[in-house]
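Notes to accompany the following structure.
The values are calculated or read from the model by the stated rules, or taken from the named source; none is laboratory data. Fair warning: this is a prediction, and the values are worked out from it, not measured in the lab. All Cβ positions, even for glycine, are placed from backbone atoms using ideal geometry, and neighbour counts span all protein chains on display. SASA here: full protein model, heavy atoms, side chains in, ligands and nucleic acids out. Shrake-Rupley method; radii C 1.70, N 1.55, O 1.52, S 1.80 Å.
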Amino acid sequence: VKKGEVLAIIGPSGSGKSTLLRCINFLEPPNSGRVTIGDVEFDMSKPHSAREYVAVRRRIGMVFQSFNLFQHMTVLDNLMLGPIRNRGMARAQARELAMGLLEKVRIAEQAAKYPPQLSGGQQQRVAIARALCMQPKIMLFDEPTSALDPEMIAGVLEVMENLARDGMTMIVVTHEMGFARRVADRVVFMDQGEIVEVAPPEQFFTTPATDRAALFLSQLLAH
């Protein structure tokens with residue numbers, strides 16, 4: 001994945017899409033191979049310390065299906081926690097950073113509220129802003145709209161599109177085919193733990209190169 005690129009990963013449930021994301025940031029340690037983030041490379045045939053894993057995770061932001069916000073903390077405090085605890089940022093600086101990112105995802109007016117007081121779409125925007133607070137080199141999104149009501153999905157996708165336009169490197173596991181076609185630079189199709197096909201969106205959605213991808217797309221259209 002090149003700097004500034006948006007990669008969409010699609011495929012049937014259970015095909016390994018989320019596991020691939022979790023391997024990239026070592027929530028699931030890969031059995032073999034190499035993971036390279038910027039100038040840091042992990043060769044999984046060699047032992048690595050917990051400190052090394054933490055160092056590379058700091059370069060990676062991740063947004064999950066569920067929002068994973070601290071329910072007893074305000075929106076602002078949820079965002080400030082990471083920069084203060086993990087980066088040693090001064091509280092005033094962390095607050096300025098957090099408020100700027102809440103502005104970016106268009107919910108600055110919710111800063112003093114607690115997560116249960118927000119809609120699902122608002123909570124997911126908070127989760128995106130929280131990940132951005134760590135100033136990552138790459139953002140991973142694991143089906144970020146799958147837990148949302150249909151009317152809330154558009155706002156979250158708009159935030160992600162804006163990030164893409166701003167040049168953020170993104171890997172997005174998604175069932176939102178319109179988003180993948182409109183925003184991604186490349187589409188990766190996975191099935192049964194394998195990457196079956198990689199192509200530009202227009203090519204993939206109009207003339208898939210594999211029978212398996214064609215079947216997947218035809219089933220989507222049937223619904």
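Summary of values
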item	result
Total residues in the range 144-164, condition within 13 Å of the chain's Cα centre (by Cα) and among the hydrophobic types (A, V, I, L, M, F, W, C)	6
I10, sole failed condition from (1) under 14 Å from M139 (Cα atoms); (2) modelled with pLDDT of 95 or more	(1)
Sole exception among (1) open to solvent by 30 Å² or more (accessible area, probe 1.4 Å); (2) touching a Ser or Thr at 6+ places or on another chain (Cβ under 6 Å) for M190, by number	(1)
Count - residues of the range 136-151 that are within 21 Å of A164 (Cα to Cα) and surrounded by fewer than 18 Cβ atoms within 10 Å (Cβ to Cβ)	2
A98 being open to solvent by 50 Å² or more (accessible area, probe 1.4 Å) and under 22 Å from the mean Cα position of the chain (by Cα)	no
Exclusive hit being touching a Phe, Trp or Tyr at 6+ places or on another chain (Cβ under 6 Å) and either under 23 Å from Q65 (Cβ atoms) or open to solvent by 60 Å² or more (accessible area, probe 1.4 Å) (or both), set L157, L215	L157
Tabulated pairs, the range 91-114, first of a type in the set (K, R), second surrounded by fewer than 15 Cβ atoms within 10 Å (Cβ to Cβ), C-beta under 8 angstrom, 6+ apart or interchain	K104/N162
